[in-house]
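Trainee: This is the structure I have questions about; it appears just below.
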Amino acid sequence: MKLSYISNVSTLKLAQEKCIGCERCVEVCPHAVFEINNKKAHIVALDNCMECGACAQNCAFGAISVKNGVGCAAAMINGLLTKGDPDKGTCDCESGSTSCC
Amino acid sequence: MQQINVPGECGQTSAPVHISSAMTPADWYGAIMCRISNRFRMKYTVTPGLYALGNPDKDSVVLVTSNYRLSLNVLRSALNNRNAWVLVVDTKGINVWCAAGKGTFCTKEIVKQIVSSNLISRISHRTLILPQLGASGVSSAKLQKASGFTVKFGPVRASDIPAYLDNDCKASPEMRQARFTLTDRVKLVPMEAIPALKKLGLFLLIASVLFGITRTGIIYKQAIIGVWPLVIPGLTAVLTGSVIIPLLLPFIPGRAFSLKGLITGLIGAIAIVVLLPVYRSSALLSAFCLISVPASSSFLSFLFTGSSTYTSPSGVKTELKIALPLYITSAVVSTVLLTLTLTRFWGIL
C-alpha cells in the first residue's frame, strides 16, 4: 500500500525552460515525483514529494527549487519552543540524545 | 569481522582496512542494540576512510557510505562474495539519509575522504557510486567538478546493490523508491515506545508523590492507590501512539500523523471507559481518559513523522498549526481534571 502524506503543501517548483532532460532528478528522487517526457522533466506526483531537496541539489541547471528540510515533528516543535521558528529546530539525530529519524 | 580501526589518521595514508561481508554475532548484537538504545546507537561508529571489501583491485567499484557502523554492516553484508572499495565518510555516526538531510554527508566531506585515503592510487577508473538517499546532501555536479570522479547514484536499498551492479549500474524504478514496509516499521517500534515509556514513568512518579502527600508526610500506600488509575490510560496512550501507529500505519485513516494517533487514542480511551468499571463510574476519570489519552497518543504519533520515509516539512508544519493548540488545550484541561482528582483524593473537596 502506497503511503500518502498531506497533499497540496509541497514547495517543489520546476522551471521547465531550464531543463535539458538529463534525468538526474528522476534518478535521485526517492518518491518518483518526476518523469521525463519529450526530453523535459515533468512533475507527475507532487503530493509524493517529501521536500528532501535531492532533486534541486542535483539539478546542474538550476531548474528545480524546493524549500527543503526534514519532515520531523520533534525538530519543528523544538525549533518552535526554543527559537520561536519551526524551521530552526534540531532533532536529536544531529547531536545525539534521544530518538529521531 | 576484523577489527575496524584508524585508516588515514592525522592526514597520513595508511593501507585500506580489509573487511568481509560475513556478519558476526557481535554485528547481530549491534544491529539489535541500535534499535533499542539510542546511547548505543550514537556510539556505533567506524573510523572514516577507505575499506577493502573482499579483494578489490584497480577495476573494482567504489561505494560511498556513512560512518554509522550499522550502515557499513548493511552495505557489506549485502555485497556477499563481491569485491569492492568502500569509502566511509565522517557523518558523526549518523546514517546516510539523516546525515544528508543535516548536511554532514556532503560534497566537501566526500572530497576530503577521497584525498586523505589516496583513493586514486588504488583504482584505474574514476567512478563513485553514492547511495541514492545521500543525494539530498551531495551535489553530483559539484562533486564531479571537485574530484574528477563521475558520480552515480546506487539504489535506495543496499540489498538491491548486487542487482544494480549486474545491470551495468542502472537502477530500476522500483529500486529508486523509498518504501516503508512492515519490517521497516517493526524495527522502529522500540525506539518510539521506550522514550515514551520513560516519560510516562517520570509523570507517574511525580503524580504518585503528589497523591502520597498527607499531613504526616508522603504515605507510600496512598501514593500507589492514588496513581494507580493513571497507569492504564498512560500505557494505552503509549500503545496506541507509539506501537499501533508504526505497526498499522497504512491501515489507520487520515494522512496527518496527529490525526491517525488521535483516532487510535480515542478508540483506546473509549475501550478503557467502556470496559473498566473504575473509570466508567467516575466522571472525573472518564473525562481525564477521554481527553488525555487521544491527545497523548496523537502527540506520540506525530513524533513518528521523524522516523517515517515520506513526510515533508511543509506537511509537518501544516499539521503542527492544528495539532499544537489542541495539545496545549488538552494538557491544560487534563491538568485541571487531575488537580480536581487530587484535591478530592486529599479530602479537600
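The values are calculated or read from the model by the stated rules, or taken from the named source; none is laboratory data. Note that the structure is predicted; figures quoted are calculated from it, not measured. Virtual Cβ from ideal backbone geometry, glycine too; neighbours counted across all protein chains shown.
Trainee: List every residue pair whose Cβ atoms sit under 7 Å apart, with the two residues 6 or more apart in sequence or on different chains, where the first one lies in segment B:141-170 and is in a helix (DSSP H, G or I) and the second, anywhere, is surrounded by fewer than 15 Cβ atoms within 10 Å (Cβ to Cβ) and hydroxyl-bearing (Ser, Thr, Tyr).
Mentor: Final answer for the pair search is B:144/B:150.
Trainee: Where residues in segment B:182-240 are closer than 22 Å to residue B:31 by Cα and of a type in the set (Gly, Ala, Ser), which of them is nearest to the chain's Cα centre (by Cα)?
Mentor: If we take residues in segment B:182-240 being closer than 22 Å to residue B:31 by Cα and of a type in the set (Gly, Ala, Ser), then B:193 is nearest to the chain's Cα centre (by Cα).
Trainee: In segment B:68-79, is there at least one residue being in contact with a His (Cβ under 6 Å, 6 or more places away or on another chain) and closer than 21 Å to residue B:162 by Cβ?
Mentor: Scanning segment B:68-79 turns up no residue that is in contact with a His (Cβ under 6 Å, 6 or more places away or on another chain) and closer than 21 Å to residue B:162 by Cβ.
Trainee: Could you give me the residue pairs with C-beta distances under 7 Å whose first residue belongs to segment B:44-71 and is over 16 Å from residue B:20 (Cβ atoms), whose second residue is of a type in the set (Gly, Ala, Ser) and assigned to a loop (DSSP other than H, G, I, E, B) wherever it lies, and which are 6+ apart or on separate chains?
Mentor: Every condition considered, the pairs that remain are B:44/B:93; B:45/B:93; B:49/B:8; B:49/B:117; B:58/B:124; B:59/B:124; B:67/B:93; B:68/B:93.
Trainee: Ok, one more. Does residue B:245 count as surrounded by 22 or more Cβ atoms within 10 Å (Cβ to Cβ), in a helix (DSSP H, G or I), of a type in the set (A, V, I, L, M) and within 14 Å of chain A (Cβ to nearest Cβ)?
Mentor: Criteria met by residue B:245.
Trainee: Can you report the number of residues in segment B:108-125 which are under 12 Å from residue B:63 (Cα atoms) and either outside any helix (DSSP H, G or I) or within 14 Å of chain A (Cβ to nearest Cβ) (or both)? Please lay out each step first, then the result.
Mentor: The first filter runs over segment B:108-125 and keeps only residues under 12 Å from residue B:63 (Cα atoms), leaving B:110, B:114, B:119.
In the following step, the residues that additionally are either outside any helix (DSSP H, G or I) or within 14 Å of chain A (Cβ to nearest Cβ) (or both) were identified as B:110.
The total comes to 1.
Trainee: If only one of A:15, A:56 is surrounded by 15 or more Cβ atoms within 10 Å (Cβ to Cβ) and either out of contact with any Leu (no Cβ under 6 Å at 6 or more places or on another chain) or over 30 Å from residue B:145 (Cα atoms) (or both), which one is it?
Mentor: Just a single option satisfies the conditions, and that option is A:56.
Trainee: Another question about this same structure. What is the one condition in (1) buried (at least 19 other Cβ atoms within 10 Å of the Cβ); (2) out of contact with any Gly (no Cβ under 9 Å at 6 or more places or on another chain) that residue A:20 does not satisfy?
Mentor: Single failed check for residue A:20: (1).
Trainee: Here is a further query. State the number of residues belonging to segment A:25-82 that are out of contact with any His (no Cβ under 9 Å at 6 or more places or on another chain), of a type outside the set (Lys, Arg) and part of a loop (DSSP other than H, G, I, E, B).
Mentor: 20
Trainee: Right, something else. Scanning for something at pLDDT 95 or above and surrounded by fewer than 16 Cβ atoms within 10 Å (Cβ to Cβ), does segment B:129-136 turn up at least one residue?
Mentor: no
Trainee: Something else: Do we find that residue A:90 is modelled with pLDDT under 95, within 15 Å of residue B:313 (Cα to Cα) and among the hydroxyl-bearing types (Ser, Thr, Tyr) in this structure?
Mentor: It is true that residue A:90 is modelled with pLDDT under 95, within 15 Å of residue B:313 (Cα to Cα) and among the hydroxyl-bearing types (Ser, Thr, Tyr).
Trainee: If a residue has to be in contact (Cβ under 8 Å) with a residue 12 or more places away in the chain and touching an Asp or Glu at 6+ places or on another chain (Cβ under 8 Å) to count, how many in segment B:306-345 make the cut?
Mentor: 2
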